[in-house]
Amino acid sequence: MSIQSLLVFGARGVQGHPVVDSALESGLTVRAATRDLEAAEEKLSSKVDIVEADLTDAESIA
């Protein structure tokens, strides 16, 4: 089994952003979960599927 896609929480952060970049460079499909959709759209590549989610809100990640 090979990984084809990756979901990253904290994709705008110090650790998450490099993970997103590395995953894209490796050819993976990347989805980023963020609390601030607008800020993520400004910072992340247009190749990233950005979704609004908050780990402290179970309904937002269902």
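At-a-glance table
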quantity	calculated
For residue 9, residues with placed amide H under 5 Å, excluding near neighbours	33
Answer label for Rg and Dmax of the Cα atoms in Å (calculated), chosen among (1) 14.7, 49; (2) 11.4, 34; (3) 11.3, 41	(2)
Loop-located trypsin sites (Lys or Arg not before Pro) in the chain, at most 12 other Cβ atoms within 10 Å (DSSP)	47
Most mobile of 23, 40, 11 in a GNM of the chain (Cα contacts under 10 Å)	23
Full-stretch length increase - residue 59, residue 42 - with 0.36 nm per residue and alpha-carbon distance subtracted	3.6 nm
Cα-projected label distance for residue 15 with residue 51, points at 7 Å along beta-carbon direction, nm	2.1 nm
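Any read-out appearing in this document is the output of simple, stated calculations on the displayed coordinates, not a laboratory observation. Note that this is a predicted model, so its numbers are computed, not measured. Note: ideal-geometry Cβ built from the backbone for every residue, glycine included; neighbour counts use all protein chains shown.
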